[in-house]
Amino acid sequence: MSLEHPRRRDLWWAFAAISGLALSGSGRVAVAPRIRSVLNAASSFTYKMQRLLIGAHRLAPEYSEADISPAFRPNGSIDPQDEDYLKLVGNHFVDWRLKVHGLVEHELSLSLEQLRALPTRTQITRHDCVEGWSCIAKWSGVPLSEILLRAGVRPEARFAIFHCADTLDDGESADPENIRYYESIDLIDAAHPQTIVAYDMNGAPLTVRHGAPLRLRVERQLGYKMAKYIMRIELVQSLSGLHGGQGGYWEDRGYEWYAGI
Amino acid sequence: MAAVPSPDRPVVERWYFRHAALVRATHWINAVCFVLLLMSGLQIFNAHPALYVGEQSDFDHPAMSIRARLSENGLVGETMFAGHSFDTSGILGISNEDGQISQRAFPSWITIPNNQDLATGRRWHFFFAWLLVLNGLVYFTWGCVRRHFDRDLLPSRRELSHVGREVLEHLRLRFPRGAAARRYNVLQQLTYLMVVFVLFPLMILTGLTMSPGIDSAVPQLLTLFGGRQSARLIHFLVASSLTFFVIVHLVMVLASGVWNNLRSMITGWYDLGNPRTPDVA
């Protein structure tokens, strides 16, 4: 009785069959590499749409002192056991230096004292973990743009990479450098006024649990972007040479590089 | 014997073209998106199976949580909602996975992917969220242009006055046939309007409110929903409502003639019943 054109009807059956397959076998289908690459297209679409709609300078909401969480949950590494990091902790980070290198005019090596002498920004912001929870804290630090201004970003640079001191995996690797935490952001977020490298949290120096001596705040993205225990900031043209090539520790393990969602 | 037209029984064509091609296409795309979004959404929920009121997480006082707890009888699944705790072992909190007790909020058979994998769950969720939104925009634009909403979904005053009778008829699983089946009945109209104009928009808006990027562009969303964690709670509750809708919808489809309904949503053609046989009511 159908008045449908047969070819169109075939399309319907194909659609129904594919959906049925996807639903019934979702466990195996869900992680197939070819499907993953199709799904990942949505992430770059989200990135482009958010960059288009939000613009470069919109600020993340800021809160009042009364909103600060009494118990801000630390996540990721909370007590790094890396030997060189423990040495820095033992010496109250007197020997610690923030190195800025890569596609810059002048390499920098800044002590905590020198960082504290640079222009400061303090902000009370909400930290959203990819797991779903949120906590609010007050952060003080140097706007990343102030540091990049002093280093002089070369025109071919596109991303800032943050190399950290902590090894997140407990697995013993032949080359521990491979699994120390790393993250990256584009230069739009790097130049954003709320993007700071923070040395204070709620008015006191960062504790080890929260990333002492220096952690990143990228307020328009999720928590895993906000690298703790920063050792080096490297300016690069492409992220392909960084470990798995996806631009971050969790990105190389399947998470989105753009975590504004 | 052919049907004889008479004033009290006008001749009704047996085959009625009920659903336009665009409605059928967007319906099925939406159905697939909804199921995949629900299953990947439960995967995401499992990464932190607790919901809160307000802007942030007061970890000791969730509005709702699902967890595994060690009791004197061993591991139990405990679901807490607004201060009341329920033992939900087997389904929520702890579940049986290939003979092993698995500690997870929602069981593996209802999440995408089956194992605990937040990264992949998010990829699925956001891909099908985009598809759902684009599909919804096509449906909405078409519905406005073709006046689908005010013609087919907006009940008239007379139809509205039949709500009580319709509820009774539905409870007895008695459905209109013949000419009366050409239009959605008032319960369908109100439910579909609610789903299209309230529940799905709420899903999308609360979903967007959880995005820190969107919050910087549209902080009003946070005010509207009372904070990011409230938005996450509402997202969960509205998803539950939509799941309830889908279950009732499927029961109604089964009860009112599964093949006729399926045919009309696939080919467009709905069988109003043979006009020669009197309505069996």
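No lab work stands behind these numbers, since they all come straight from the coordinates. Computed from a predicted structure; not experimentally measured. With ideal geometry, Cβ positions are generated from the backbone for all residues, glycine too; neighbour counts draw on all protein chains shown.
Which FRET efficiency value, to the nearest 0.05, is calculated for A:VAL89 and A:ARG150 with the Förster distance at 45 angstrom and r the Cβ-Cβ distance?
Values: r = 27 Å, r/R0 = 0.60.
The computed FRET efficiency comes out at 0.95.
Just flag the GluC sites (Glu not before Pro) in the stretch A:44-139 sitting in loop per DSSP whose Cβ has no more than 13 other Cβ atoms within 10 Å.
Values: sites: A:GLU62, A:GLU65, A:GLU83, A:GLU105, A:GLU107, A:GLU113, A:GLU131; in loops: A:GLU62, A:GLU105, A:GLU107, A:GLU131.
For GluC sites (Glu not before Pro) across the stretch A:44-139 that sit outside H, G, I, E and B with at most 13 neighbouring Cβ atoms in 10 Å, the list reads A:GLU105, A:GLU107.
Could you list A:LYS138, A:LYS99, A:LYS87 in order of exposure, starting from the residue whose Cβ has the fewest other Cβ atoms within 10 Å? Don't jump to the answer; show the numbers that get you there.
Values: A:LYS138 20, A:LYS99 15, A:LYS87 11.
Going from sparsest to densest Cβ surroundings: A:LYS87, A:LYS99, A:LYS138.
Note down the relative contact order for chain B as a percent, whole number, built from C-alpha pairs under 8 angstrom at least six residues apart.
Taking the mean separation of contacting Cα pairs over the length of chain B, I get 27 percent.
Using Cβ counts within 10 Å as a stand-in for footprinting exposure, how do A:ARG154, A:ARG209, A:ARG215 rank, fewest first?
Values: A:ARG154 12, A:ARG209 15, A:ARG215 22.
Lowest count first: A:ARG154, A:ARG209, A:ARG215.
Classify the stretch B:50-105 as rounded, prolate or oblate, taking a ≥ b ≥ c as the square roots of the eigenvalues of its Cα gyration tensor: rounded when a/c is under 1.5, otherwise prolate if a/b is larger than b/c and oblate if not.
Numbers: a/c = 2.71, a/b = 2.04, b/c = 1.33.
Verdict is prolate for the stretch B:50-105.
Under a crude label model (7 Å from the Cα following the beta-carbon direction), how far is A:ARG34 from A:THR122 in nanometres?
Computed distance between label sites A:ARG34 and A:THR122 equals 5.8 nm.
Per-residue mean of other chain beta-carbon atoms within 10 angstrom of the beta-carbon, peptide B:37-49? Working shown, then result.
Details: counts 0, 0, 3, 3, 0, 0, 1, 3, 1, 2, 5, 5, 2.
If you average over the peptide's residues, the count of other-chain Cβ atoms is 2.
Could you work out the relative contact order of chain A? I mean the mean sequence separation of Cα pairs under 8 Å and 6+ apart, divided by the number of residues, in percent.
It comes to 20 percent, rounded to a whole number.
Give the calculated FRET efficiency between A:ARG253 and B:ARG69 to the nearest 0.05, with a Förster radius of 35 Å applied to their Cβ-Cβ distance.
Numbers: r = 30 Å, r/R0 = 0.85.
Efficiency, rounded to the nearest 0.05: 0.75.
So what does the Cα-only Debye profile of the stretch B:152-281 read at q = 0.13, 0.16 Å⁻¹, as log10 I(q)/I(0), no solvent term?
Debye output, listed in q order: -0.69, -0.89.
Residue by residue through the stretch A:40-54, what is 3J(HN,Hα) from phi via Karplus (6.51 cos²θ - 1.76 cosθ + 1.60, θ = phi - 60°)? Round to whole Hz and write x for glycine and proline.
Whole-Hz 3J(HN,Hα) from phi for the stretch A:40-54: 5, 4, 5, 5, 6, 5, 4, 4, 5, 5, 5, 4, 6, 7, 8.
What number do you get for the stretch A:43-165 when its Cα radius of gyration is normalised by 2.2 N^0.38 Å, N = residues? Before the final figure, lay out each step's value.
Values: Rg = 17.4 Å, N = 123, 2.2 N^0.38 = 13.7 Å.
For the stretch A:43-165, the normalised Cα radius of gyration is 1.27.
Need the full-extension length gain, B:SER241 to B:ILE110, defined as separation in residues times 0.36 nm minus the C-alpha distance. One decimal, nm.
Fully extending the segment from B:SER241 to B:ILE110 adds 45.5 nm.
Given R₀ = 51 Å, FRET efficiency for B:ASP87-A:GLU105 by Cβ-Cβ distance, to 0.05? Walk me through the numbers before you get to the answer.
Details: r = 65 Å, r/R0 = 1.27.
For B:ASP87 and A:GLU105, the calculated efficiency is 0.20.
Give me the tail of P(r) for chain B as a percent: Cα-Cα pairs with distance above 26 Å.
Working: 21602 of 39340 pairs.
In whole percent, the long-distance tail amounts to 55.
Select from B:LEU132, B:LEU171, B:LEU42 the residue whose mean-square fluctuation is largest in a Gaussian network model of chain B (Cα-Cα springs shorter than 10 Å).
Between B:LEU132, B:LEU171, B:LEU42, it is B:LEU171 that shows the largest mean-square fluctuation.
With springs only between Cα atoms under 10 Å apart, run a GNM on chain B and tell me which of B:PRO201, B:PRO49, B:PRO212 wobbles the most.
B:PRO212
DSSP H helices in chain B with Cα extent of 27 Å or more along the helix axis and mean Kyte-Doolittle hydropathy at least 0.0?
Details: long enough: B:21-47 (39 Å, 1.36); B:118-145 (40 Å, 0.95); B:228-255 (40 Å, 1.52).
Once both thresholds are applied, what remains is B:21-47, B:118-145, B:228-255.
Give the residue list of trypsin sites (Lys or Arg not before Pro) in the stretch B:137-219 that are DSSP loop and have at most 14 other beta-carbon atoms within 10 angstrom.
Numbers: sites: B:ARG146, B:ARG147, B:ARG151, B:ARG157, B:ARG158, B:ARG165, B:ARG172, B:ARG174, B:ARG177, B:ARG182, B:ARG183; in loops: B:ARG146, B:ARG147, B:ARG172, B:ARG174, B:ARG177, B:ARG183.
Listed in order of number, the matching sites are B:ARG146, B:ARG147, B:ARG172, B:ARG174.
Please provide three numbers in whole Å: the alpha-carbon extents of the protein assembly as shown along the principal axes, with the largest listed first.
Answer, in whole Å and largest first: 102, 62, 46 Å.
What does the structure give for A:125-132 when I average, per residue, the other chain Cβ atoms found within 10 Å of the residue Cβ? Write out the running numbers ahead of the final one.
Details: counts 1, 8, 2, 9, 3, 6, 7, 15.
Partner Cβ neighbours, averaged per residue: 6.
For the stretch A:61-253, compute Rg over Rh where Rg is the Cα radius of gyration and Rh is the Kirkwood radius from the inverse mean 1/r over Cα pairs. It would help to have the intermediate numbers written out before the result.
Values: Rg = 15.7 Å, Rh = 16.8 Å.
Ratio value, two decimals: 0.93.
How would the stretch B:1-154 be classified by its alpha-carbon gyration tensor: rounded, prolate or oblate, with rounded meaning a/c under 1.5 and the a/b versus b/c comparison settling the rest? All intermediate terms of the calculation are to be shown ahead of the outcome.
Details: a/c = 2.69, a/b = 2.20, b/c = 1.22.
Note, shape of the stretch B:1-154 comes out prolate.
For peptide B:105-114, what's the mean number of Cβ atoms from other chains within 10 Å of each residue's Cβ? Walk me through the intermediate numbers first.
Details: counts 0, 0, 0, 1, 2, 1, 3, 7, 7, 5.
For this peptide, the per-residue mean of nearby foreign Cβ atoms is 3.
Can you return the lysines within cross-link range of A:LYS87? Criterion is Cα-Cα under 20 Å, with same-chain partners fewer than 8 residues away left out.
A:LYS99, A:LYS228
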